[in-house]
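Shown next, in structure tokens, is the structure this report addresses.
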Amino acid sequence: MGFNSMLLQVIVLRNLLSVFSGNELDIGITLSSWLFYVGLGSMAGKYIKIKNAFAISFIVIGIISFPTIIGIRTLRSFLGLSPGEIIPLSSIFSLTALILLPLCFSTGIQFPLAVSGFQKQNTAGKIYGLEAIGAFMSGSAFTFIIAGNFSSIYTILILSLISILAGAYISGKKLNLLFLGFPLIYYLFVLYFFPLNINLPGFNLIKSIESKYGEIQVIQRNDQKSLFVSGQLQFSYPDFQTEELNAHLAMTMHKSPFRILLIGGSPGILRELIKYPVMKIDYIEIDPEIVKISKELIKENDKSILKDFHISFKTEDGRYFIKNNVSGTYDLIMLNIPPPSTAGLNRFYTQEFFLEVKKVLKYDGLLMLSLPVSFGYMSKSVQTLNGTIYKTLDSVFNHVEVTSQEYGKIFASDSLINTAPSLLSERFLKHNLQTGYFHSGIFDDAFEEFDIKYVKERISRINNINKDTRPLAYFYNLMLWDEIQGTEIFLFIQKLTKWHLIVFITTIFILSLLFLKNRKKKIYFSMFITGFYCMTLTICLILGYQAIYGYVYEKIGLLSGLLMIGLWIGTKIHEKTRDTNNIFLILDLLSIAVCILFLISFRYGIAFYLIILSTGIVTGKWFASATKAIGEGGSLYGIELIGSFIGAISSTIVLIPLFGFTTTIILLISIKAISALFQLHFGVNRKLFSIYRK
């Protein structure tokens with residue numbers, strides 16, 4: 001049950017990330033929808049009295065899981081969306097909620113059915129633990145075996161067959177094996193007549209593979225091929241205009257760039273870079289599959305760049321490579337990547353990253369990156385996003401310069417950056433280069449004095465610093481996306497302040513007072529808080545891991561699995577006392593200790609695994625003790641998941657992007673402190689009442 005559920009969740013999450021352009025926002029939306037429906041299913045499951053209902057639930061899940069994945073993968077084609085076209089936030093919410101309802105509700109029903117099928121003491125806690133063990137096994141299997149080796153379709157087919165076999169085994173009826181035909185029919189006939197990747201008019205899908213870092217697709221239109229990773233455009237090739245602009249602007253801004261580091265993007269830019277007298281060019285890309293495909297895309301007249309001895313291809317995370325490189329190595333570093341539209345990309349626009357870049361640049365070294373462009377008037381969203389990146393660079397480097405807003409380039413260095421068009425034109429012309437689009441007149445346009453003054457005047461008004469622990473650029477990019485879609489969700493969220501968090505904490509405190517007199521309601525309420533705490537801290541860990549290491553797509557199964565093994569360990573810890581109030585108080589204090597551990601050590605790799613394991617242990621023990629105290633598990637399971645739902649959605653959309661990790665963790669400490677005071681107050685009252693009776 002746990003093995004099946006976790007693997008389904010990870011596969012669904014990966015596919016939805018690809019559909020919705022790889023934005024981690026969908027991690028929260030998917031997890032919150034999943035938890036909400038599973039919670040509803042759990043609460044409804046205790047009312048189901050059908051014979052062999054538990055076995056039937058496996059068969060139902062086996063039948064509907066395959067079409068669910070097919071529905072997700074064909075969603076963009078069904079909506080008629082072009083490759084790379086962004087889906088509005090409201091549609092992401094509604095489509096995710098609609099497509100997950102049958103599968104998640106059916107999954108939620110299983111827990112109370114399993115509990116009711118075994119009439120033993122503390123059955124709910126034991127089943128909760130066994131489910132967690134299965135989830136850990138599937139998460140580990142995905143990370144170390146499945147990711148990058150097996151496609152979602154093959155994995156979900158096998159999972160469907162296993163689920164139906166389990167249902168037949170539990171029911172003891174061989175006739176149920178007939179249901180194995182459903183996933184086979186889908187696979188053999190539906191996929192044959194209705195391929196998953198339907199080509200839209202004008203576009204031709206020529207390659208689609210799943211690596212451990214994401215789903216890679218190559219789409220051709222006319223003579224140009226575009227590479228997408230998890231639904232997000234990485235580059236198009238050939239794109240002579242963009243390749244020439246990026247290369248020649250960067251190479252002329254520095255007086256003599258000999259050693260160059262290029263992070264990501266089209267290999268076509270290398271054609272332009274080697275036209276200069278360079279000594280070494282390091283091209284960095286984290287995914288070896290992308291490097292392999294990029295080399296396959298290169299046309300015959302560009303094949304020479306693959307053999308050029310100046311160029312070195314390295315498959316490594318760009319940030320990790322910079323962090324571990326020798327100081328003063330490079331003259332020029334080019335971030336040839338998209339804007340910070342995801343938490344994974346945001347890590348290349350933070351103060352911490354720029355400090356790492358500064359270390360490996362020579363004193364007169366130059367960093368170039370791209371900003372979202374605008375034409376004519378610069379909107380508030382573009383101003384806020386670009387201003388945040390400008391201010392972050394300015395907090396690290398002595399000099400920061402920009403182009404006019406139509407070009408969207410920004411340069412940073414510790415030495416003076418000369419943007420005089422005449423000087424730049426002279427540098428360019430002295431090399432006597434052959435170019436198709438770029439010419440010396442572009443410098444006059446890109447660095448026109450009035451335009452530069454306007455851009456600087458607008459973006460210098462913004463005083464925000466983008467950090468690993470507070471990914472503001474990511475949030476402001478979401479706000480820009482929201483503005484383009486014509487909605488105002490993130491514009492409203494931006495107005496929230498820490499005072500609103502204080503109001504939220506105060507509300508929690510008042511509600512806790514209202515629940516003080518009824519022990520059962522008290523446990524329900526505390527279970528809700530624990531679910532909120534567990535999921536919010538988990539989201540912090542997932543996005544924190546993404547910020548530091550940049551490949552959560554691969555590790556999400558392991559991180560989720562460790563949470564589950566922690567839940568199992570928690571259910572297995574025996575209590576030496578029957579006074580559950582003391583246990584709950586200790587668990588709340590331990591929860592606070594885990595939060596403090598996060599604040600102190602989350603930047604260290606092993607700390608992620610230790611913290612998420614500890615989170616699971618505390619939550620698992622909370623659930624086991626609560627079920628023992630009130631004698632039921634289905635409702636508690638549902639309430640915990642409802643709390644997890646609110647934690648997932650609020651932490652992903654509001655808390656982490658807007659307030660950062662530190663404030664979010666302080667919020668968790670506050671609500672757990674309220675819960676601890678709650679337990680202490682209730683325990684003292686019980687002792688006083690006991691003394692009074694004596």
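The values are calculated or read from the model by the stated rules, or taken from the named source; none is laboratory data. Not measured: the values here are computed from a predicted model. Backbone-built Cβ (ideal geometry, glycine too); neighbour counts: all protein chains shown.
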* To do: Sort through PHE118, PHE189 and tell me the only one that's under 19 Å from GLY71 (Cα atoms) and at pLDDT below 80.
  => PHE189
* Please state which of the following conditions PRO340 fails to meet, knowing it meets all the rest: (1) surrounded by fewer than 20 Cβ atoms within 10 Å (Cβ to Cβ); (2) modelled with pLDDT of 85 or more. => (1)
* Considering only residues that are surrounded by 19 or more Cβ atoms within 10 Å (Cβ to Cβ) and of a type in the set (S, T, N, Q), look in segment 220-235 and name the one that is nearest to ASN336 (Cα to Cα). => GLN234
* Pull up segment 313-337, narrow it to residues that are among the aliphatic types (A, V, I, L, M) and modelled with pLDDT of 90 or more, then point me to the one that is nearest to THR252 (Cα to Cα). => LEU332
* Structure fact -> Of GLN351, GLN405, the only residue that is out of contact with any strand residue (DSSP E or B) (no Cβ under 6 Å at 6 or more places or on another chain), over 15 Å from LYS467 (Cβ atoms) and assigned by TED's automatic domain parsing to the domain that holds ILE462 is GLN405
* Asked: Does ASN386 meet the test of being free of Cβ contacts under 8 Å to residues at least 24 places away in the same chain and among the polar types (S, T, N, Q)?
  -> no
* Asked: Looking at ILE87, ILE50, ILE92, which is the one that is modelled with pLDDT under 80, surrounded by fewer than 24 Cβ atoms within 10 Å (Cβ to Cβ) and under 17 Å from the mean Cα position of the chain (by Cα)?
  -> ILE87
* Asked: What are the residues in segment 641-660 that are surrounded by fewer than 24 Cβ atoms within 10 Å (Cβ to Cβ) and within 14 Å of LEU599 (Cα to Cα), if any?
  -> GLY660
* Give the residue, chosen from LEU273, LEU261, that is closer than 25 Å to PHE353 by Cβ, in contact (Cβ under 8 Å) with a residue 12 or more places away in the chain, in contact with an Asp or Glu (Cβ under 7 Å, 6 or more places away or on another chain) and buried (at least 21 other Cβ atoms within 10 Å of the Cβ). => LEU261
* Kindly indicate whether ILE281 is surrounded by fewer than 23 Cβ atoms within 10 Å (Cβ to Cβ), touching a residue at least 24 places away in the same chain (Cβ under 8 Å), β-branched (Val, Ile, Thr) and not assigned by TED's automatic domain parsing to the domain that holds PHE150. => no
* To do: Give just the number: which of (1) at positive phi; (2) surrounded by fewer than 23 Cβ atoms within 10 Å (Cβ to Cβ) does LYS323 not satisfy?
  => (1)
* Counting only residues that are in a strand (DSSP E or B) and aliphatic (A, V, I, L, M), which one in segment 362-380 is nearest to ILE417 (Cα to Cα)? -> LEU366
* To do: Could you check, for segment 396-415, whether at least one of its residues is at pLDDT 95 or above, buried (at least 21 other Cβ atoms within 10 Å of the Cβ) and assigned to a helix (DSSP H, G or I)?
  => no
* Just name the residue that is surrounded by the most Cβ atoms within 10 Å (Cβ to Cβ) out of those in segment 358-381 that are among the aliphatic types (A, V, I, L, M) and modelled with pLDDT under 90. => LEU371
* Asked: So is ILE269 within 27 Å of ALA343 (Cα to Cα), modelled with pLDDT under 90 and out of contact with any Pro (no Cβ under 9 Å at 6 or more places or on another chain) or not?
  -> no
* Could you identify the single residue in SER32, SER57 that is surrounded by 24 or more Cβ atoms within 10 Å (Cβ to Cβ) and under 21 Å from ILE170 (Cα atoms)? => SER57
* Asked: What tally of residues in segment 92-119 results from selecting those that are touching a residue at least 12 places away in the same chain (Cβ under 8 Å) and more than 30 Å from LYS628 (Cα to Cα)?
  -> 9
* Unmet criterion (only one of (1) under 16 Å from ILE11 (Cα atoms); (2) loosely packed, with under 14 Cβ neighbours inside 10 Å) for GLY172 -> (1)
* Structure fact -> Per the filter on segment 502-520, residues farther than 20 Å from PHE661 by Cα and exposed (fewer than 13 other Cβ atoms within 10 Å of the Cβ) are THR506, THR507, ILE510, LEU513, LEU514, LYS517, ASN518
